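Report on the structure given below.
The values are calculated or read from the model by the stated rules, or taken from the named source; none is laboratory data. Note that the structure is predicted; figures quoted are calculated from it, not measured. Heads up, the Cβs are rebuilt from the backbone with ideal geometry, glycines too, and the neighbour counts pull from every protein chain shown.
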Ligand SMILES: [Zn+2]
Ligand SMILES: [Zn+2]
């Protein structure tokens, strides 16, 4: 069922999906663990010890889909021009500033 998907797209889905999951789960973690509880648990307030913050511009994929209807046309990538995300330099995520400042581990 994946014949039409290229290897690079699968890699993109893997990385993007992982970071997307982190973005999706973060609010759920917030509902369970407040920021004060996180700090008492020794977790990072910004990223919850993920050490990464998913890029909000490209949703962690590292590429920006061109066109105003990109979300609708997402399944037909041949019609949608995509370009590297400049915000995260196509990495799809940022290093957590809190964790990188501490840089203990
Ligand atoms: Zn952090
Ligand atoms: Zn980005």
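Yes or no, residue by residue, for (1) buried (at least 16 other Cβ atoms within 10 Å of the Cβ); (2) away from ligand 1 (no atom under 12 Å from the Cβ); (3) within 30 Å of residue 98 (Cβ to Cβ); (4) modelled with pLDDT under 70:
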site	(1), (2), (3), (4)
53	yes, no, yes, no
59	yes, yes, yes, no
63	yes, yes, yes, no
67	no, yes, no, yes
70	no, yes, no, yes
76	no, yes, no, yes
79	no, yes, no, yes
83	no, yes, yes, no
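Residues that are at positive phi and at pLDDT 75 or above do occur in the range 24-45. Just one of (1) at pLDDT below 80; (2) within 16 Å of ligand 2 (Cβ to nearest atom) trips up residue 101, so point out which. Among (1) at pLDDT below 80; (2) within 16 Å of ligand 2 (Cβ to nearest atom), the lone unmet condition for residue 101 is (2).
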